[in-house]
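The structure under discussion appears below in the form of structure tokens.
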Amino acid sequence: MATKDNDPLVEVFGGTPWEAEVVKGLLESNNIPAMLKDETMGSITAPYAGLGGEMKVLVNEADYGAALQLIDQKDKDKDE
């Protein structure tokens, strides 16, 4: 993932590998580049839920606000 003007990457979500992939797809479908962190460890420890394996979704710092709004809206839509 290329960063914009060398913006630092910031975490916008942490969860199971499946949840992280869904959030990453949501962000990318809205033109917000995203990447996963700890993907390998998450895949290894996934069968041992609760023992680690959380995956993080990272975005450019400049996209942080927009990314959080999309994630919050997804959560609100899920609750309805």
Seminar exercise, completed: Of the residues in the stretch 1-44 that are assigned to a loop (DSSP other than H, G, I, E, B) and under 16 Å from Asp75 (Cβ atoms), the one that is modelled with the lowest pLDDT is Thr16
For this session: Name the single residue, out of those in the stretch 55-69 being among the hydrophobic types (A, V, I, L, M, F, W, C) and crowded, with 18+ Cβ neighbours inside 10 Å, that is farthest from Leu26 (Cα to Cα).
Result: Met55
Exercise. Can you spot a residue in the stretch 45-53 that is at pLDDT 55 or above and under 19 Å from Asp72 (Cα atoms)?
Worked result: no
For this session: Scan the stretch 58-71 and report the pairs whose first residue is assigned to a helix (DSSP H, G or I) and whose second residue is modelled with pLDDT under 95 and surrounded by fewer than 18 Cβ atoms within 10 Å (Cβ to Cβ), with Cβ atoms within less than 7 Å and a gap of 6+ or a chain change.
Result: Glu61/Asp7; Glu61/Pro8; Ala62/Lys4; Ala62/Asp7
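The values are calculated or read from the model by the stated rules, or taken from the named source; none is laboratory data. Given the structure is predicted, the values throughout are model-derived calculations rather than measurements. In this analysis, Cβ positions are derived from the backbone assuming ideal geometry, glycine residues included, and neighbour counts consider all displayed protein chains.
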